[in-house]
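See structure below.
Readers should treat all values here as calculations from the given coordinates under stated rules, not as data from a laboratory. Predicted model, so just to flag it, every value in this text is computed and none were measured. Every residue, glycine as well, gets a Cβ built from its backbone with ideal geometry; the counts of neighbours run over all protein chains shown.
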Amino acid sequence: MVNGSMRTSLILLAIVGFAQSLVRVPLSRLPSVRSRLRVANQLDEFLREHQPDVFSRRYAQCYPAAQHYLRMGGKSTERLYNFMDAQFFGEISLGKPEQNFTVVFDTGSTDLWVPSSYCVSQACAMHHKFKAFESSTYTHDGRVFGIHYGSGHLLGVMAREELKVGSVMVQNQVFGEAVYEPGFSFVLAQFDGVLGMGFPQLAEELGSPVFDSMIAQGLLDEPVFSFYLNNNGSGFGGELLFGGVDETLFVPPINWAPVTQKGYWQIRLDAVKVQGALSFCYRSTKGCQAIVDTGTSLIGGPARDVLLLQQFIGATPTAVGEYLIDCVRISSLPVVSFLINNVEYSLTGEQYIRREMLNNKEICFSGFQSIDIPSPAGPVWILGDVFLSQFYSIYDRGHNRVGLAHLSGRSQIPLQITSYL
């Protein structure tokens, strides 16, 4: 028979064992590069210089014929990212002693990179830089890498290092040290680098992506991570949880959608509906494809569909491709719904309109943006943070599926973040 003291000890051990399988990373929410450019009266000029469509740039690899390549040492790379609207960031550490960096945890890419102390760009001067010579665990890789952003090429060298994410230590992690960061957007960015969380097929750097390293090194009980994004206007941005889910943050059941193509977290989107009066994707027996992307703020869709949607909600186009809404109309805007695996996810005007303050005046923007990706890869919708901040999202590599669940009442207030390890 187990006595009371032993029973208590077993319960505590069970709790500790469960807790060690979960790694929490608190997220902060800060103004985006787009917002900072707008305040500085530089947004119009920046966007004019960096068209065509920034969403098309980010997902250029979906296009059938690649036209722009960066070739170094026989390696061809093509990846066009845009983080102008990114607002959710978290902290990681590299090396021993630890060097801290703020990164975008991005399900729309796979590589990890941070600025190098040898970087010559103006953007690097504004951010934390990795000092390899100060770390006792640093290993030089010797290879070079390049990533093509909308504003130019990001160039760097590859290395291996101890990586701390939340409270877990990943050994011998491949990462990129950026020695040249392009464009004015990185100067204003509130993050130092990017930690990609897509499938290995997306990786530019040869080596295991961070999440794959965690799985391979047995650091997690489950090959799962989940996001709670808080978009209530406060600096608290929610949390990223490695190794499972936080059941206090959502209301069951979880709706699981299988990944249709490994690379991005890509799923089938059955239909997009606007107040029952407009529908997209429904004509196809295959529906549409959607990419679930924490590194993009907006919701993207085929230009023809999104233009109709903008007209239906009464959004007015600007000279730089944004769409304005009269703020007093928000409460009367139609509901926009996304049908995924026969479950409808509805967004009200309050949820899909972005509010910003400019010169003490509130301005309101549509949270929808055009993206045109031709067949066979397209059409593709991008479910960015405007969508994801309204639901709890789960990314399951063990079963190659994405889970969505409605937020619970507890998720509406800032959490007390604690570390389990």
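Please identify the trypsin sites (Lys or Arg not before Pro) of the stretch 213-309 that satisfy two criteria: DSSP loop assignment and at most 15 other Cβ atoms within 10 Å. Which are they?
Values: sites: K262, R268, K273, R283, K286, R304; in loops: R283, K286.
Loop-located and lightly packed - R283, K286.
Kindly state, to the nearest 0.05, the FRET efficiency for Q311 paired with D221, given R0 = 51 Å and r defined as their beta-carbon distance.
0.55
Which peptide among 119-125, 105-111 comes first, and what is the full order, when sorted by highest mean count of other Cβ atoms within 10 Å? Can you show the working numbers first?
Working: 119-125: 17.1, 105-111: 24.7.
Put in order of decreasing packing, that is 105-111, 119-125.
At R0 = 35 Å, how high is the FRET efficiency between S331 and V251 if r is their beta carbon distance? Nearest 0.05 is fine. Before the final figure, lay out the partial values.
Numbers: r = 25 Å, r/R0 = 0.71.
The computed FRET efficiency comes out at 0.90.
Run the reach check for K131 against aspartates and glutamates, Cα to Cα strictly under 18 Å, same-chain hits fewer than 8 apart removed. What comes back?
Excluding near neighbours in sequence, the set is E91, E98, D141, E161, E162, E177, E181, D192.
Suppose R0 equals 25 Å; then what is the FRET efficiency for F236 and E91 from their Cβ-Cβ distance, rounded to the nearest 0.05?
Working from the Cβ atoms, E equals 0.95.
In Å, what Kirkwood hydrodynamic radius results for the stretch 227-354 from the alpha-carbon pair distances? All intermediate terms of the calculation are to be shown ahead of the outcome.
On the way: mean 1/r = 0.0600 Å⁻¹.
Radius from the Kirkwood sum: 16.7 Å.
Would you kindly state how much longer the chain becomes between N400 and M169 on full extension, computed as 0.36 nm times their sequence separation minus their alpha carbon distance, in nm to one decimal? Mind showing how you got there, number by number?
On the way: separation 231, 0.36 × 231 = 83.16 nm, distance 2.46 nm.
Between N400 and M169, full extension yields 80.7 nm more.
In straight Cα distance, which aspartates and glutamates are under 15 Å from K361, not counting same-chain residues fewer than 8 positions off?
D326
By count of other Cβ within 10 Å, fewest leading, how are M357, M158, M197 ordered?
In order of increasing Cβ crowding within 10 Å: M357, M158, M197.
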